[in-house]
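*Asks:* Sharing a structure below in structure tokens format, with a few things to ask.
The values are calculated or read from the model by the stated rules, or taken from the named source; none is laboratory data. Since the model is a prediction, treat every value here as computed from it, not as a measurement. Positions of Cβ are generated from backbone atoms using ideal geometry, with glycine treated the same way; all protein chains shown enter the neighbour counts.
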Amino acid sequence: MGLAGLVRRLGANLRSLRNALRPLRRRGFGWAAALGVQLPAAVALRVWRRLARPINGRLFGPWLNGPRLARFQRDLPASDRPRLYVVVMPQVLHFLLPCLALLRGRVPLVLVANGARAWELAVLRRRLPEAPLFTLRRLPATSVEHGDVISLLIEHHRGPFGIVDHDCYLFDADLLGHLMPAPDECMVALVADRHPHLNFELPLTHLLVLNAEPLRRLMQETGIDAGMARHTPPAAQAAFTRLGLPPGTWFKPYQRFHDTLHLLLGLALDRGLRVRVLRSRAGLPFAHIGGTSIGSHHTKNLFALYVHLRFLELLGDDGLRQRYAFLTRPLATAAEALARRRPDDRGWQGLPLLEQTLPRLREALHRAWPDLHPLPGANTP
């Protein structure tokens, strides 16, 4: 590599370092703490999680989690409605509890612990003693990839089932009566993106019901599962070509990989199976925050920290706030984060939706656990 190449690489590395340090500085860390503590911790955690990913998915999945999940599923009580599986990630109770409050008593719920700590699971058992809980085996300080979790459920669940993001909030409960997929439907989605060139919709996993039986057959026939992929297997490429997707392209043109479920979805569409998207006349049928468990808390932008703090304040649980204080340190309140907002920061575009969502979540928490979540101004004993 010549001198010009070295200069370009050095410049690229310096830009990457500056971009990584920017959110740490904006939240209030000094240069020493940002460069000497927070950034190295974030890099180490990212490297460890990358190393753990194939072990959790390809080793622990078939040998440890698969047989246990099959036994767990067989012992679940019978249901004439699709069960909704909620994956419990670590450090997200403040997002998860409002999600569960909206669904509790309205649909069969199953919790899947995916890296959550013992004290977090104890909180959930107290709040939802009726919900079965399954714990995924994985390496310490890691979680099983979302696509690998979905693959396990497709392989071992009998009958249709749903998955719900912990930060997806379903306000239109009437939609829960329309989750059962028809025999020719592979998925029923709360929300989907329409492909920019082809005439079909791409279901998102915010709240998604899967028709497990035909999807399981496709997995067994082709060896293709619900995970992400950087390359297109021949069976999937043949299906994509028949759907009108040329080689070397993706369902989402801005990506350079096949996202969760996309390979399996392509196979299903090629076999004539359909996707149905739920329709609602409600003004705000759902809200999805997104990104709450992706990446490391060390490098979250200021708006993400503000959202964390607003949800912690929504719950009003001092113990939870203390346990999660490290997520937003050195910021301790939402007001502190808001005070650091810059007028030109485009990362705050989600603020109007957040302001619409929080009052409705406060009401949902009160309905689910009135003693723990009295409404403001209500008389308390």
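*Asks:* Checking the conditions here, which among LEU24, LEU102, LEU84, LEU45 is touching a Lys or Arg at 6+ places or on another chain (Cβ under 9 Å), among the hydrophobic types (A, V, I, L, M, F, W, C) and touching a residue at least 24 places away in the same chain (Cβ under 8 Å)?
*Replies:* LEU102
*Asks:* Determine, yes or no, whether VAL123 is touching a helix residue (DSSP H, G or I) at 6+ places or on another chain (Cβ under 7 Å), in a helix (DSSP H, G or I) and on the phi < 0 side of the Ramachandran plot.
*Replies:* Taking the combined requirement at face value, the residue satisfies it.
*Asks:* Here's a follow-up. Quick check: is even one residue across the stretch 130-138 of a type in the set (Asp, Glu), within 17 Å of ASP225 (Cβ to Cβ) and outside any strand (DSSP E or B)?
*Replies:* no
*Asks:* Among the strands (runs of 3 or more DSSP E) contained in the stretch 143-257, which hold 1 or more residues that are farther than 22 Å from ALA70 by Cβ and over 22 Å from the mean Cα position of the chain (by Cα)?
*Replies:* Counting at least 1 such residues, we get 185-189.
*Asks:* Keeping to the stretch 232-248, report how many residues are surrounded by 14 or more Cβ atoms within 10 Å (Cβ to Cβ) and touching a Phe, Trp or Tyr at 6+ places or on another chain (Cβ under 9 Å).
*Replies:* Of the residues in that region, 4 qualify.
*Asks:* Related question: Any residue at all in the stretch 349-356 that is modelled with pLDDT under 95, more than 24 Å from the chain's Cα centre (by Cα) and farther than 21 Å from PRO98 by Cα?
*Replies:* No; the residues of the stretch 349-356 include none that is modelled with pLDDT under 95, more than 24 Å from the chain's Cα centre (by Cα) and farther than 21 Å from PRO98 by Cα.
*Asks:* Determine the pairs where a residue that is without any contact (Cβ under 8 Å) to a residue 12 or more places away in the chain, located within the stretch 108-126, has a partner that is assigned to a loop (DSSP other than H, G, I, E, B) and not basic (Lys, Arg) with Cβ atoms under 9 Å apart, the partner being 6 or more residues away or on another chain.
*Replies:* These pairs meet every condition: ARG125/ALA131.
*Asks:* Of (1) surrounded by fewer than 19 Cβ atoms within 10 Å (Cβ to Cβ); (2) farther than 30 Å from ALA173 by Cα; (3) among the basic types (Lys, Arg), ARG360 satisfies all except one. Which?
*Replies:* Against the list (1) surrounded by fewer than 19 Cβ atoms within 10 Å (Cβ to Cβ); (2) farther than 30 Å from ALA173 by Cα; (3) among the basic types (Lys, Arg), ARG360 comes up short only on (2).
*Asks:* Please enumerate the residues belonging to the stretch 266-281 that are in a helix (DSSP H, G or I) and either of a type in the set (Gly, Ala, Ser) or under 17 Å from ARG230 (Cβ atoms) (or both).
*Replies:* Those that are in a helix (DSSP H, G or I) and either of a type in the set (Gly, Ala, Ser) or under 17 Å from ARG230 (Cβ atoms) (or both): GLY266, ALA268.
*Asks:* Got a sec? Which of ALA287, ALA268, ALA282 is at pLDDT 95 or above, aliphatic (A, V, I, L, M), within 25 Å of VAL86 (Cβ to Cβ) and not assigned by TED's automatic domain parsing to the domain that holds VAL86?
*Replies:* Criteria check complete, one pass: ALA287.
*Asks:* Here is a follow-up. GLY61: closer than 21 Å to ARG138 by Cβ and small (Gly, Ala, Ser), yes or no?
*Replies:* Values: closer than 21 Å to ARG138 by Cβ: yes; small (Gly, Ala, Ser): yes.
Yes, satisfied.
*Asks:* Considering only residues that are modelled with pLDDT of 95 or more and closer than 14 Å to PRO214 by Cα, which ones fall in the stretch 157-179?
*Replies:* If the condition is that a residue be modelled with pLDDT of 95 or more and closer than 14 Å to PRO214 by Cα, then PRO160, PHE161 are the ones that fit.
*Asks:* Now a separate question. For the stretch 80-103, check the following and say yes or no: at least one residue is buried (at least 22 other Cβ atoms within 10 Å of the Cβ) and modelled with pLDDT under 95.
*Replies:* no
*Asks:* Which ones in the stretch 206-231 are surrounded by fewer than 21 Cβ atoms within 10 Å (Cβ to Cβ) and of a type in the set (S, T, N, Q)?
*Replies:* Matches in the stretch 206-231: GLN220, THR222.
*Asks:* Could you say whether any residue in the stretch 282-293 is in contact (Cβ under 8 Å) with a residue 40 or more places away in the chain and part of a helix (DSSP H, G or I)?
*Replies:* No, the stretch 282-293 has no match at all.
*Asks:* Given ALA236, ALA212, ALA282, ALA287, which one is over 27 Å from ALA44 (Cα atoms) and touching a His at 6+ places or on another chain (Cβ under 6 Å)?
*Replies:* ALA212
*Asks:* Look at PRO40 and say whether it is outside the structural domain of PHE326 (by TED's automatic domain parsing), within 17 Å of THR135 (Cβ to Cβ) and surrounded by fewer than 14 Cβ atoms within 10 Å (Cβ to Cβ).
*Replies:* No: the conditions fail for PRO40.
*Asks:* What do you reckon, is ALA332 modelled with pLDDT of 95 or more and outside any helix (DSSP H, G or I)? Break it down into steps so the answer makes sense when it comes.
*Replies:* Numbers: modelled with pLDDT of 95 or more: yes; outside any helix (DSSP H, G or I): yes.
Here the answer is yes, as ALA332 does meet what is asked.
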